[in-house]
Amino acid sequence: MKETKTKPTTITAVDVCKRFGSVTALDRVTFDVKSGELFFLLGPSGCGKTTMLRILAGLESADSGTISFNGQDISLLPPHRRGAPMVFQNYALWPHLPVNDNVAFGLVERRIPKEEIRTRVADVLRRVGLEGLGGRMPGQLSGGQQQRVVLARALVLNPAIILLDEPLSNLDARLRNEMREEIEKLHRETDITFVYVTHDQAESLSLADRMAVMRAGRIEAIGTPVDLYHRPPGLFCADFLGESNLIDGTVAGKEVALLKVRTQIGVLLSTYSGGGALPADGSAVKCMVRPENLRRTDAQGVNSFEAGVAGLRLNGSTITVVLETGGLRMKALILSEYSPDIKPGMRARWQVDPGNTVAIAR
């Protein structure tokens with residue numbers, strides 16, 4: 001019997017809890033994934049993100065809560081009936097089988113006709129850039145090629161959902177970038193809903209439609225990469241998503257929709273990321289300033305301060321400038337030049353726009 005492509009699928013998790021002995025891996029986790037979305041579960045090691053993914057796949061069962069695909073509770077369905085294959089970080093390829101047979105395995109198990117298997121395997125290998133390599137053994141492939149085989153093995157099933165567990169963690173930096181582009185391309189060309197687990201902020205910020213930031217078994221925030229990076233709702237997101245300068249301050253008034261925050265480097269005009277009413281005067285906050293939003297200036301304008309240059313670090317296309325001022329150590333990020341006009345030991349004035357100065361309650 002010929003398989004038909006599964007319709008795009010939404011995912012809803014409500015109050016999912018999971019304990020391993022005395023350890024709470026998931027504590028009332030709730031989120032939804034839209035049909036065809038590339039959704040990330042992001043967080044440090046041990047935050048519960050892989051446990052959540054394994055529950056979606058049916059490889060673990062929740063202690064309580066519900067998981068629904070397209071509104072149907074699938075908690076009691078076995079993995080092979082969920083239509084949600086999992087891509088593992090360790091590849092999990094059969095070393096004694098050639099690429100064609102590794103990719104075809106799920107179709108053989110489903111008793112798909114041999115001619116259709118050959119056609120679908122050839123098509124999916126072409127889509128992941130492995131055309132002509134179907135006869136090779138896994139040990140004859142590079143790490144990036146092996147990861148493409150794993151993706152092909154999931155895609156060939158025409159799934160409604162693909163679950164990815166840190167799929168790029170075993171690759172070097174160049175291959176990680178290549179595979180990010182490949183995953184983005186595959187997502188763009190299909191109606192498949194992707195749920196992607198990682199601790200790598202760069203992967204999530206560059207690929208996600210939306211993401212859930214997790215910590216200690218709970219979801220700290222859900223949103224788009226742009227919103228969570230530039231307007232983090234809490235200090236954990238501000239610190240975890242990329243580099244940030246977090247400056248202690250106290251609210252000292254308001255100017256239209258901006259806060260005046262008194263800090264050790266002067267009064268900073270700041271936006272507020274907490275939503276709702278602005279905090280009252282005297283409230284303790286931290287001002288988040290991303291290093292890339294600090295720029296050199298000659299004027300003593302709004303949100304400007306003088307700082308000594310404690311050091312420089314070449315990153316390739318950018319240079320991290322370590323600043324010291326008012327007993328505070330900060331970082332600025334500037335474009336890399338062969339002979340930058342800024343040197344260790346010099347003093348310079350820096351400025352950040354109020355729109356890029358974000359006050360966060362503490």
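Just one of the numbered conditions (1) touching a residue at least 40 places away in the same chain (Cβ under 8 Å); (2) out of contact with any helix residue (DSSP H, G or I) (no Cβ under 8 Å at 6 or more places or on another chain); (3) under 30 Å from Leu228 (Cβ atoms) is not true of Asn315: (1). For beta carbons closer than 8 Å, sequence separation of 6+ or different chains, a first residue in region 325-336 that is over 20 Å from Asp239 (Cα atoms) and a second that is assigned to a strand (DSSP E or B) and acidic (Asp, Glu), the qualifying pairs are Thr325/Glu306. Would you say Tyr272 is under 11 Å from the mean Cα position of the chain (by Cα) and of a type in the set (Phe, Trp, Tyr)? Here the answer is no, as Tyr272 does not meet what is asked. For region 74-111, the set of residues classified as among the charged types (D, E, K, R) and either more than 20 Å from Ile161 (Cα to Cα) or part of a loop (DSSP other than H, G, I, E, B) (or both) consists of Arg82, Asp101, Arg110, Arg111, listed by residue number.
Condition test on Asn293, is it crowded, with 16+ Cβ neighbours inside 10 Å, farther than 21 Å from Phe240 by Cα and in contact with a helix residue (DSSP H, G or I) (Cβ under 8 Å, 6 or more places away or on another chain)?
Here the answer is no, as Asn293 does not meet what is asked.
Based on what the data block shows, is Ala152 surrounded by fewer than 19 Cβ atoms within 10 Å (Cβ to Cβ), over 22 Å from Ile74 (Cβ atoms), in the same structural domain as Arg54 (by TED's automatic domain parsing) and out of contact with any Cys (no Cβ under 6 Å at 6 or more places or on another chain)? Spelling it out, it is not the case that Ala152 is surrounded by fewer than 19 Cβ atoms within 10 Å (Cβ to Cβ), over 22 Å from Ile74 (Cβ atoms), in the same structural domain as Arg54 (by TED's automatic domain parsing) and out of contact with any Cys (no Cβ under 6 Å at 6 or more places or on another chain).
Among the residues that make up region 181-196, is at least one of them of a type in the set (Val, Ile, Thr), outside any helix (DSSP H, G or I) and farther than 17 Å from Pro159 by Cα? No; the residues of region 181-196 include none that is of a type in the set (Val, Ile, Thr), outside any helix (DSSP H, G or I) and farther than 17 Å from Pro159 by Cα.
For the residues Arg110, Arg136, Arg120, the requirement of being in contact (Cβ under 8 Å) with a residue 12 or more places away in the chain, assigned by TED's automatic domain parsing to the domain that holds Asn170, surrounded by fewer than 15 Cβ atoms within 10 Å (Cβ to Cβ) and not β-branched (Val, Ile, Thr) singles out Arg110. Within region 7-28, is there a residue that is among the small types (Gly, Ala, Ser), touching a residue at least 24 places away in the same chain (Cβ under 8 Å), assigned by TED's automatic domain parsing to the domain that holds Ala154 and within 18 Å of Ala152 (Cα to Cα)? No; the residues of region 7-28 include none that is among the small types (Gly, Ala, Ser), touching a residue at least 24 places away in the same chain (Cβ under 8 Å), assigned by TED's automatic domain parsing to the domain that holds Ala154 and within 18 Å of Ala152 (Cα to Cα). Taken over region 313-327, residues that are of a type outside the set (Val, Ile, Thr) and either crowded, with 16+ Cβ neighbours inside 10 Å or in contact with a Leu (Cβ under 6 Å, 6 or more places away or on another chain) (or both) amount to 1. Scanning region 20-71 for residues that are within 17 Å of the chain's Cα centre (by Cα), part of a loop (DSSP other than H, G, I, E, B) and among the polar types (S, T, N, Q) turns up just one, Ser45. Taken across region 219-230, residues that are farther than 23 Å from Leu333 by Cα, polar (S, T, N, Q), without any contact (Cβ under 8 Å) to a residue 24 or more places away in the chain and not in a strand (DSSP E or B) do occur, with at least one present. Only residues that are within 18 Å of the chain's Cα centre (by Cα), at pLDDT 85 or above and farther than 24 Å from Arg81 by Cα were counted in region 146-180, giving 1. Filtered by the rule that a residue be part of a loop (DSSP other than H, G, I, E, B) and more than 20 Å from Leu246 (Cβ to Cβ), region 309-335 gives Asn315, Gly316, Ser317.
Are any of the residues in region 245-258 under 30 Å from Arg148 (Cβ atoms), surrounded by fewer than 21 Cβ atoms within 10 Å (Cβ to Cβ) and either modelled with pLDDT of 95 or more or in the same structural domain as Arg28 (by TED's automatic domain parsing) (or both)? For region 245-258, residues under 30 Å from Arg148 (Cβ atoms), surrounded by fewer than 21 Cβ atoms within 10 Å (Cβ to Cβ) and either modelled with pLDDT of 95 or more or in the same structural domain as Arg28 (by TED's automatic domain parsing) (or both): absent. Scanning region 197-220 for residues that are over 17 Å from Leu168 (Cα atoms), surrounded by fewer than 19 Cβ atoms within 10 Å (Cβ to Cβ) and not basic (Lys, Arg) returns Asp209, Ala216.
The values are calculated or read from the model by the stated rules, or taken from the named source; none is laboratory data. The model shown is predicted, which means the values in this text are computed figures rather than measured ones. Every residue, glycine among them, receives a Cβ derived from its backbone with ideal geometry; neighbour counts consider all protein chains shown.
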